[in-house]
Amino acid sequence: MNLAKMPRRLAALALVAGLGLTACGGGGDSGGSGSGNGAGTETYPLGVAMALSGANAALGQDFVKFMEFAVEDANKAHASDGFEIKMVSEDTQATAEVGLNALNKLATVEKVPAVFTAWSAVVKAMAPASEDLGVALFNVGANSPELEGAGANLRNFFPLSSVNVRALGTYMAKEKGAKKAAIIRVNNASGEGAADVYKKAFEAAGGKVVATETIEQDAVDASSQVSKVLAQHPDTIHVQPLLGEAVAIFKALDDQGYTGQVTTYSGAGEAVAVRQASGASMNGVTYAALSGAKADDPKVTALVDRFKAAQGREPAGLSYDVYMYDSVFMYADIIKQLRDKKQDVTGKNILALVDDVKTFKNLPLEGSTTFTDSGTVIKDTIIKRIDDSSANPAADPEVVTLSAK
């Protein structure tokens, strides 16, 4: 099978077939008008594809937990509307190949009309395949700028790095006066796009990126990459990893005595597992968070307390968890509006409604969110600092809020 000579969408589905998957349909709209539960209530499936195993499971499992809370709460809120949501989850391991497996199963076996997912490499691979499978695809936790316009069926509910990483790069050069920056990024879509955004923003604000090094996903040693960037004597180093290799990078920076400002994004900055494994090497790191609701908001605090009561620990990636929770309420709102219009809940109808309505005002944590014409959302960037890596990420002090306007 020569995937290189096949059209992009067909190649993606051929790769799925090569993984031993069975396609029970495709090409048409998945989902429908819902199925009855015998009590006069229609049930609508919600496909969720997250990293439930592997190095990124610490985030993925918490994402799913917050979505489970949201399904429970949304079903109560919409009980009088005559429908409920049933979440069906599949593991992606944060990789494109396993992600395509998950998408295909959710669309063809579970017959979901929409799939909510995260991790840039996964979303990028799913985007073209979702068109053939007829499902609406929602990115609720990936930030590569490549995802803007990556597929006709993709909508980015989570802000891309073209928002927060651009703001961070500009801030470091313009406000903090850094002249030379280096970048260490994971060698996939998650790292590549964000690194390019940072470089352009930093240099447009008057600085110069003097070195960029890549590290493989889940690598356990970053000493070589750190040594190479330090040889260029940067004032600041931006780190754009996933979870598995993040610890190696932060420890190597500490071991090799770097004293300049280290920056990253909320995926690494708020990940409890990364903070625990990195220890004091993460103290002083600043990161760009994107959240429509702050950690000290009473509604967020109540949700965190609920998680702690259920799991016995703090949640990972709180900025992401906010979007996970609210995304389910957006889905419920979409279902309600389609039902009010006497339209079936299909991938095609979901996408048409999102593009027509654009703004969803009944989100419990963010309040509202608005999609742009290109299917993305724009939020302010909150720069936070890690003073104590062993502390609850919600306690990280805010340095500044950078307006997206």
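The values are calculated or read from the model by the stated rules, or taken from the named source; none is laboratory data. Just so we're clear, the structure is a prediction, and the values are computed from it rather than from any experiment. All Cβ positions, even for glycine, are placed from backbone atoms using ideal geometry, and neighbour counts span all protein chains on display.
Considering only residues that are surrounded by fewer than 18 Cβ atoms within 10 Å (Cβ to Cβ), outside any strand (DSSP E or B) and within 21 Å of the chain's Cα centre (by Cα), which ones fall in the range 163-217?
ASN187, GLU216
Got a sec? Which of LYS379, LYS361 is closer than 20 Å to VAL123 by Cβ and not β-branched (Val, Ile, Thr)?
Values: LYS361 fails: closer than 20 Å to VAL123 by Cβ.
So the residue among LYS379, LYS361 that is closer than 20 Å to VAL123 by Cβ and not β-branched (Val, Ile, Thr) is LYS379.
When only residues in the range 392-405 that are modelled with pLDDT of 90 or more and assigned to a loop (DSSP other than H, G, I, E, B) count, which is nearest to GLY141 (Cα to Cα)?
ASP396
What number goes with the only condition from (1) farther than 30 Å from ALA167 by Cα; (2) in contact (Cβ under 8 Å) with a residue 40 or more places away in the chain; (3) of a type in the set (A, V, I, L, M); (4) surrounded by fewer than 24 Cβ atoms within 10 Å (Cβ to Cβ) that ALA58 does not pass?
(1)
Could you check the range 88-147 and list, in sequence order, the residues that are basic (Lys, Arg) and over 13 Å from the mean Cα position of the chain (by Cα)? Steps first, please.
Initial filter on the range 88-147 (basic (Lys, Arg)): 105, 111, 124.
If the condition is that a residue be basic (Lys, Arg) and over 13 Å from the mean Cα position of the chain (by Cα), then LYS105, LYS111 are the ones that fit.
Restricting to the range 144-162, and then to whatever is surrounded by 24 or more Cβ atoms within 10 Å (Cβ to Cβ) and polar (S, T, N, Q), can you tell me which residue is farthest from ILE382 (Cα to Cα)?
Step by step, filter the range 144-162, then rank; the result is ASN153.
Pairs under 7 Å by beta carbon, first residue free of Cβ contacts under 8 Å to residues at least 40 places away in the same chain in the range 295-314, partner surrounded by 15 or more Cβ atoms within 10 Å (Cβ to Cβ), six or more apart or different chains?
Once the first residue is free of Cβ contacts under 8 Å to residues at least 40 places away in the same chain and sits in the range 295-314, its partners that are surrounded by 15 or more Cβ atoms within 10 Å (Cβ to Cβ) give LYS308/GLU314.
In this structure, is ILE386 closer than 24 Å to ASP305 by Cβ and in contact with a Pro (Cβ under 9 Å, 6 or more places away or on another chain)? Quick ask: steps written out before the conclusion?
On the way: closer than 24 Å to ASP305 by Cβ: yes; in contact with a Pro (Cβ under 9 Å, 6 or more places away or on another chain): yes.
Considered against the rule, which asks whether it is closer than 24 Å to ASP305 by Cβ and in contact with a Pro (Cβ under 9 Å, 6 or more places away or on another chain), ILE386 comes out as yes.
For the range 361-405, what are the residues that are more than 26 Å from ASP333 (Cα to Cα), crowded, with 21+ Cβ neighbours inside 10 Å, of a type outside the set (A, V, I, L, M, F, W, C) and touching a strand residue (DSSP E or B) at 6+ places or on another chain (Cβ under 9 Å)?
THR381, LYS384, PRO393, ASP396
Exactly one condition in (1) at pLDDT below 95; (2) assigned to a helix (DSSP H, G or I) is false for ALA295; which is it?
(2)
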